[in-house]
Amino acid sequence: MCIGILIGLVKVVFKDAWLTVLDGYRPGRQLILAEARTVLGRAEYAALPFLARGDADVELEHARIVRQPDGRFALEDNQPARVLA
């Protein structure tokens, strides 16, 4: 248990960037952007899951936050190809 607490403390102290949820499910939640690629969407493996079951407009991987080579972050939209009738 102490190791888990220490790992969590190190992550908080050395975090470069984080995303704060402003509205919706669990406002105020903060997600540390420690990975090179962070998935947002309906997928179970998404770092920030969207609770939109049954909503065809929200993809499993709806968007990604990607760390750029210079250290900045970019938001990439999934933009799936759809056939509009």
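Rounded to the nearest whole Hz, the Karplus-based 3J(HN,Hα) values (6.51 cos²θ - 1.76 cosθ + 1.60, θ = phi - 60°) of segment 21-37 follow the sequence 6, 9, 8, x, 6, 6, x, x, 5, 10, 10, 6, 8, 9, 8, 6, 9, with x at glycine and proline.
Ranked by the mean number of other Cβ atoms within 10 Å of their residues, highest first, the peptides 18-31, 37-50 fall in the order 37-50, 18-31.
Read-outs throughout are calculated quantities, based only on the coordinates presented, and are distinct from any laboratory measurement. These numbers come from a predicted model, not from an experiment. Glycine gets a Cβ as well: all are built from the backbone with ideal geometry, and neighbour counts include every protein chain shown.
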